[in-house]
Amino acid sequence: MRIIVTGGLGFIGSAVVRHFAASSAHQVLNIDKCTYAGNPASVATVANNANYELLHADIADAAAMSAAFHDFKPDAIMHLAAESHVDRSIDGPADFIHTNMVGTFTLLQAARDYWNNLPKTRQADFRFVHVSTDEVFGSLGDTGSFSESTPYNPNSPYSASKAGSDHLARAWHHTFGLPVIVTNCSNNYGPFQFPEKLIPLITLKGIAGEALPVYGQGTNIRDWLFVDDHVSALACILDKGTPGETYNIGGQCELTNIDVVKAICCILDKHYPQQAPHDKLIEHVQDRPGHDFRYAMNTSKIRAQLGWEPAENFATGIEKTINWYINHTDWWQSILDGSYRLERLGSQR
């Protein structure tokens, strides 16, 4: 297949790029704006492959997107480009509206124009996979889980912008017939994640012996999904998913933030016993404004209809993740030497 991946220098996007570009059966065009979260080192293993190409462009640039579709002639697009950090959306929501909504609209229009001119057989096989988040559904109480039919109720500028992009993607399928599939995933973790997110943030601060900030009492609950399992789900959806459908993707692993932090501390204790116990570094800080209490995903649809299951549980996934950060200081040190220094974001109202 010829596959466009948007946001392929980011955390999940780079994992998708590495997966597809590792096979000579696929041609991959990575479209990335190369923002702070985009790191060329994340695709270093495939960067010199003949079947991989990087296009430095903004997905909201209509002329650039039209040219990319025309020149590359894709069979599918995996749309992962997004501003994705809730804390940053509190500090500066405009970038989230621009990329997540205007950018998605622009891509959908470019894809639609391209798709309309394909032969019928290629039209039938074409796919636009729009990758989104469980945060569009809002916050759960102590029980229940999000299904594909849960009403949208976003609570942050980030989740609102992603909810808007989901609605656009669905509308372009139902109004124009574009073969769009929408996915909503739970919290991802794994190698190559930008260190503003909880797990790499706590890991790197723990390695440095710095205070480990936990919002509020740390009782907020997330469903944790290892990034390679997310990629396997997306590959399965690209292969077997039905246009017009939505699929929830989750790890079936609900944990409080404080339990995640303590799990990281236990692993760091084994690697850096001279600094143990790391949990003495835990520091409860003022909570994030509008912090959703709990997310949980019902993934029965993708399991039953497409046969997908996650391969990792949290114990194995978190061990692999922490070991990766310990063994790849060059990757994250170059980030910390730049514009991000593990500082608190998103504390303003």
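Computed in the context of the full set of protein chains, the accessible area of the chain at 1.4 Å probe radius has 52% of its extent on carbon or sulfur.
Accessible surface calculations at 1.4 Å, restricted to protein heavy atoms, place the chain at 40 Å² per residue. Taken one residue at a time, the phi angles of the range 239-251 give Karplus couplings (6.51, -1.76, 1.60, θ = phi - 60°) of 7, 10, x, 9, x, x, 8, 10, 10, 7, 10, x, x Hz. Gly and Pro are set to x. Taken about its Cα centre, the range 82-127 carries a charge dipole of about 420 debye when Lys and Arg each add +1 at the Cβ and Asp and Glu each add -1 at the Cβ. Label-to-label distance for Asp95 and Ser23 is 3.4 nm, based on points extended 7 Å past Cα in the beta-carbon direction. For the chain, the relative contact order comes to 18 percent (Cα pairs under 8 Å, sequence separation of at least 6). Derived scalar couplings between HN and Hα for the range 309-314 equal 9, x, 8, 9, 9, 5 Hz in order, rounded to whole Hz, by the Karplus curve 6.51 cos²θ - 1.76 cosθ + 1.60 (θ = phi - 60°), x for Gly and Pro.
In a fully extended conformation the segment linking Gln217 and Asp287 would gain 24.4 nm over its present Cα-Cα distance, using 0.36 nm per residue. What the Cβ-Cβ distance of Arg170 and Cys266 gives, at R0 = 25 Å and to the nearest 0.05, is a FRET efficiency of 0.05. Under 5 Å between amide hydrogens, built in the peptide plane, is the criterion, and for Val214 it picks out Glu283, His284, Val285 among residues at least 5 positions away or on other chains.
Karplus-based coupling profile of the range 117-128, in residue order and whole Hz: 9, 7, x, 4, 5, 6, 4, 5, 8, 5, 9, 10, with θ = phi - 60° in 6.51 cos²θ - 1.76 cosθ + 1.60 and x standing for Gly or Pro. Each Lys and Arg Cβ is given +1 and each Asp and Glu Cβ -1; about its Cα centre, the chain then shows a dipole of about 440 debye. Dipole orientation for the chain: of the candidates Ile90, Phe137, Gly190, Phe137 has the Cα lying most toward the positive pole (charges on Cβ; Lys, Arg +1; Asp, Glu -1).
In terms of distances greater than 29 angstrom between alpha carbons, the cross-link table entries Lys197/Lys270; Lys33/Lys280; Lys73/Lys240 yield Lys33/Lys280. The residue among Val28, Phe293, Thr121 whose Cα reaches farthest toward the positive pole of the charge dipole of the chain, with charges on the beta-carbon of Lys, Arg, Asp and Glu, is Thr121. Comparing Ile207, Ile12, Ile249 in a Gaussian network model of the chain (Cα springs below 10 Å), the most mobile by mean-square fluctuation is Ile207. Evaluated with a Cβ-only charge set (Lys, Arg +1; Asp, Glu -1), the range 1-119 carries a dipole of roughly 320 debye about its Cα centre, given to the nearest 20.
The values are calculated or read from the model by the stated rules, or taken from the named source; none is laboratory data. Note that the coordinates shown come from a computational prediction; the quantities given were computed from them, not determined experimentally. Reconstructed Cβ throughout: ideal geometry from the backbone, glycine too, with neighbour counts over all protein chains shown. Quick note on the areas: whole protein, heavy atoms, side chains included, nothing else; ligands and nucleic acids left out. Shrake-Rupley method; radii C 1.70, N 1.55, O 1.52, S 1.80 Å.
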